[in-house]
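First comes the structure, then the notes that go with it.
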Amino acid sequence: MGDLLATVAVQVPATLGDTAREALEAYRAATGPSSLRAKLLTDAQS
């Protein structure tokens with residue numbers, strides 16, 4: 001099998017409304033602190 005190369009375009013809003021900010025903060029609280037890059041490195045080493 002070969003490698004898969006993908007390009008992802010992400011659009012980030014310049015400002016958030018109160019509802020969006022509350023939803024984002026609730027998501028952050030629910031998922032807890034994490035480092036996606038650290039997980040990628042750990043997965044790559046195993």
Checking 14, 30, 23 in turn, the sole residue that is loosely packed, with under 10 Cβ neighbours inside 10 Å and part of a helix (DSSP H, G or I) turns out to be 30
Before we move on, is residue 9 outside any loop (DSSP other than H, G, I, E, B), without any contact (Cβ under 8 Å) to a residue 60 or more places away in the chain and either loosely packed, with under 10 Cβ neighbours inside 10 Å or among the aliphatic types (A, V, I, L, M) (or both)? no
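No value in this document is a laboratory result; all are computed from the given coordinates. Since the model is a prediction, treat every value here as computed from it, not as a measurement. Here Cβ is always computed from backbone atoms with ideal geometry, including for glycine, and neighbour counts include all displayed protein chains.
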